[in-house]
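Notes for the one structure printed next.
The values are calculated or read from the model by the stated rules, or taken from the named source; none is laboratory data. Note that this is a predicted model, so its numbers are computed, not measured. Using ideal geometry, Cβ is built from the backbone for each residue, glycine included, and neighbour counts are taken over all protein chains shown. Calculation scope for accessible area: heavy atoms of the full protein, side chains included, ligands and nucleic acids excluded. Shrake-Rupley method; radii C 1.70, N 1.55, O 1.52, S 1.80 Å.
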Amino acid sequence: MGQQIIKQPDGKLAVFSSIVDAFIVVDATPEEILDWRAEEAAAKERERTQRELDAVLAGDPRRVYFQFVRTWEEASEMDRQSTAPERPVGSEEPTA
C-alpha cells in the first residue's frame, strides 16, 4: 500500500506509511496533503532527472535509457519524419 490518507477523529487528516508502520503526516488539511504530495513528487522527479542528466553528460546514456538510446542523428531523423507539426514553445528545428 505504501501510504494511506486517514481521516482523524477531529476531522483533520493524517498519512500512515506501511513502510515504517507509522504516521508521517498528522493534523493536516486537504490542501496541506495536496501540497505535501506535490512537493514529494517534485523532489522524486528532480532526483530522477538528475540521474538522467548525470548519465547523459558522462557519456553513458545507456545507464538510464538501456537499449532505447538514440543518437542526436537518429532522433533528428525521427523528428523530421514525424507527422507532429507543432514544436514546444521556444524550440527550433533541430540541425544535424
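Among the residues that make up region 1-9, is at least one of them modelled with pLDDT under 95 and surrounded by fewer than 13 Cβ atoms within 10 Å (Cβ to Cβ)? Looking for residues that are modelled with pLDDT under 95 and surrounded by fewer than 13 Cβ atoms within 10 Å (Cβ to Cβ), one finds at least one in region 1-9, hence yes.
Given the residues A55, A41, A75, which is the only one that is assigned to a helix (DSSP H, G or I), within 30 Å of P9 (Cα to Cα) and of a type in the set (G, A, S)? Spell out the reasoning first.
Numbers: A55 fails: within 30 Å of P9 (Cα to Cα); A75 fails: within 30 Å of P9 (Cα to Cα).
Every option except A41 fails the conditions.
Among the criteria (1) more than 27 Å from M1 (Cα to Cα); (2) without any contact (Cβ under 8 Å) to a residue 12 or more places away in the chain; (3) open to solvent by less than 80 Å² (accessible area, probe 1.4 Å), the one A22 does not fulfil is (1).
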